[in-house]
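Working notes for the structure below.
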Amino acid sequence: MFFSPTVTRLREKWDETSNSVMKRKSELVNMLGDSQRYDAKRQEIEVWLTRMESRSERMGSTAAQADVPDFVVVDAQQKEQKNFHAELHTYKHHIELFNQLTQKLIAVYPDDDTSRIKRMTESVNLRYKNLNNTVATRAKSIHTTVNSVQSFDKSLEQFLAWLSEAESLCETAEALISEGGEIESKALVNLKA
């Protein structure tokens with residue numbers, strides 16, 4: 001019976017340790033599932049970000065860089081810009097869900113190192129923010145170009161109106177000169193006669 005209290009304490013310690021190990025195992029299994037969901041979502045978002053960054057680079061500069069911007073080109077750029085912005089806006093929901101998933105992981109596993117998750121999430125957010133900034137800058141440039149094209153059109157209309165008026169004045173002057181020449185010829189004929 002001497003061993004009975006010791007065995008009982010050992011059994012209690014064993015049960016306590018076993019429960020702790022099982023609890024931690026369950027926590028690690030849950031953490032693995034959460035981490036896999038996080039990683040899958042991160043990879044999905046990074047693929048999308050890479051595609052959008054490439055698309056943004058392909059869009060290139062706006063027609064404002066040209067000497068005389070072509071309205072058809074500007075219109076096409078404006079449509080492309082709107083589509084790009086719409087896709088960015090639509091995907092914002094995925095970025096927000098990803099941020100919520102990050103916050104959940106940080107909150108649920110406060111005793112574990114989540115610094116890597118924080119860094120990866122910050123990187124994703126920075127790339128998304130840079131895309132938004134690029135879109136905003138490009139939209140302003142296109143808006144400026146549209147205003148420039150409209151201003152150019154007005155100036156061209158004014159110039160064409162002036163040119164038409166000048167042409168009319170020249171035709172009138174030619175007609176007067178021509179009439180003046182005929183009058184002079186008749187006067188000379190009358191003088192000789």
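The values are calculated or read from the model by the stated rules, or taken from the named source; none is laboratory data. Please read all numbers here as calculations on a predicted model, not as lab measurements. No Cβ is skipped: glycine too gets one built from the backbone with ideal geometry, and neighbour counts run over all protein chains shown.
Structure above, values below:
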read-out	value
Residues of segment 108-118 that turn out to be under 32 Å from the mean Cα position of the chain (by Cα) and over 13 Å from Ser35 (Cβ atoms), as a count	2
Those residues of segment 1-53 which are acidic (Asp, Glu), under 16 Å from Ile95 (Cα atoms) and either touching a residue at least 12 places away in the same chain (Cβ under 8 Å) or not in a helix (DSSP H, G or I) (or both), in sequence order	Glu44, Glu46, Glu53
Some residue of segment 88-95 being out of contact with any Ser or Thr (no Cβ under 7 Å at 6 or more places or on another chain), over 17 Å from Val124 (Cα atoms) and of a type in the set (A, V, I, L, M, F, W, C)	no
The lone exception for Ile106 - which of (1) surrounded by 14 or more Cβ atoms within 10 Å (Cβ to Cβ); (2) under 24 Å from Asn133 (Cα atoms); (3) of a type outside the set (Lys, Arg) it fails	(2)
Tabulated pairs, segment 150-174, first within 26 Å of Val72 (Cα to Cα) and part of a helix (DSSP H, G or I), second of a type in the set (A, V, I, L, M) and at pLDDT 85 or above, C-beta under 8 angstrom, 6+ apart or interchain	none
Scope segment 23-40; condition loosely packed, with under 13 Cβ neighbours inside 10 Å and closer than 14 Å to Thr114 by Cβ; matching residues	Asp39
Residue match in segment 135-145 (condition: of a type in the set (Gly, Ala, Ser) and within 27 Å of Asp39 (Cα to Cα))	no
Exclusive hit being assigned to a helix (DSSP H, G or I), β-branched (Val, Ile, Thr) and either over 17 Å from the mean Cα position of the chain (by Cα) or over 19 Å from Arg55 (Cα atoms) (or both), set Thr90, Thr121	Thr121
